[in-house]
Structures are given as C-alpha cells and as structure tokens.
Amino acid sequence: MSKIELVNHRDYLVLMPPAMCRVLSSAVLNGGLREAASFLNWKVDENPPSPCLPAEEALNLKAAELKLPQPTTAMMTAASMSSLGHCFESRAGLTAECWVTSGLSNVRRVGDIADEEPSPGTINIWLYVNQSLTDAAMVEALMMLTESKVTAVRDAGIFSPLSGLPASGTGTDSHAVFCPDSDSTQAFCGKHTLLGEMIGRVVTTACAISLDKCMNLTSQTESAE
C-alpha cells in the first residue's frame, strides 16, 4: 500500500507524504533542490484572463486556499486530471511510485525550432522513492525519469508537429523526484541497479497509462465537435 495520500480533484492533484521530503524538481513553485511537505498539480484554464497573477504567486495562493502542509512544491497544467496515470512497485525493501498527468497540445521533439508562445499542454510527473537518495542519486533519478518519459512518448507513436519527427515530450514538461528527508541510503539508481530498474518501469508505465487516457480524451472531444 502507498503511504502517500492522494487527493485527485477535477481541478487539482495533491500528494501528501507522511513526513517531510527532499525534492528535486523543475516545478514553478519551490523548484530546484528543496524540502517539501506537500505537492500540488493545479489545472488552470487554457486561456487565462488577462491580466493574471504570476504563476508562482498564483500557486502560492492556491496552496494556501487548500491549506496544504508547507512548504509546497507546485506545478501548473491545462491537462485534465482525468489523464492521471499511476504505477507502484515494491521489492527488497525498495518502493518506487509514479504519478503522471498529460496534455499533448504542446508536443515537441528536443531540438525543435524554439517558439516563444507555447500551447498549454504539458506532461507533469512525480516520482517517489521510499529510501533517501544522495544529491547525485536524485539527479540520476531525474535523468531516469526523463528518459522513461521519452521512451513512453516514442512507444505511443507521438510526433512533433514542427519537425514531423518522433516527439520526446512537450515544450513545458515539469518533473519531480522526492524521497524521505533522512540520512542517505541510496547513492546510485542507474539502469544497472534494482532501484533504477524499478524507476524505469513505474515511470514508463505511468506515462503510458496517462498518454493513452489523454489521447482518448482528445478523440472524444474531437468526435463531439
């Protein structure tokens, strides 16, 4: 059973671990290498009213409104919370768990020509490991997460609308790795390790589930138009 409390509301996703965690992320609010007591993924309008608050300020206000344990690491997305993909695996005292929401209106291949007005679709990913990671291992876990996402996107046969080549994600993806804030016990999590194997499998699986849900939602919307 997962020890992470999940709140899956139609307008947001909240993850609350049982204790303070260390987190490495590209999140808008409290990104970088930080400590966090809760995690928020907030669904915002595809076309927000103008003028609007800066993203970090808006996320801070939303976390306060929801009375989330502080500090909160938070991301934004226009993707439906119905696209949530989840995968959990536990072996030999190690646990890896992943949550993904997906929007694909902003699909890109790394190296595509830059455009300064991205569409609101994004792939947001959270990965939890139940044992504390060293700083270097957290970086390696984030690398494994990203590589797994790219694998899932390629396996789904998604192409960049700019280059026509296999996509690697969207232009605004946000990812986070978090683990207990305690003495580090895991220094490595690459492909030759059990933890790396587990990370690769849970992230790829959660991404595949989420991408499939996203594409089905898009097909239903297009059919209804």
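Rule-based calculations on the coordinates, nothing more; no lab input. Everything numeric here is computed off the predicted structure, so don't read it as measured data. Cβ: placed from backbone, ideal geometry, glycine included. Neighbour counts: every protein chain shown.
Below is a table of values for the structure above.
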item: Relative contact order computed over the chain (Cα-Cα under 8 Å; 6+ residues apart), in percent; result: 23
item: Answer label for semi-axes √(5λ) of the Cα gyration tensor in Å (calculated), chosen among (i) 31, 22, 18; (ii) 37, 24, 16; (iii) 27, 22, 16; result: (iii)
item: Ranked by how many other beta carbons lie within 10 Å on average, peptides 182-188, 131-137, 214-220 from highest; result: 131-137, 214-220, 182-188
item: Likely footprinting exposure, Cys189, Cys207, Cys179, fewest C-beta neighbours within 10 Å first; result: Cys179, Cys207, Cys189
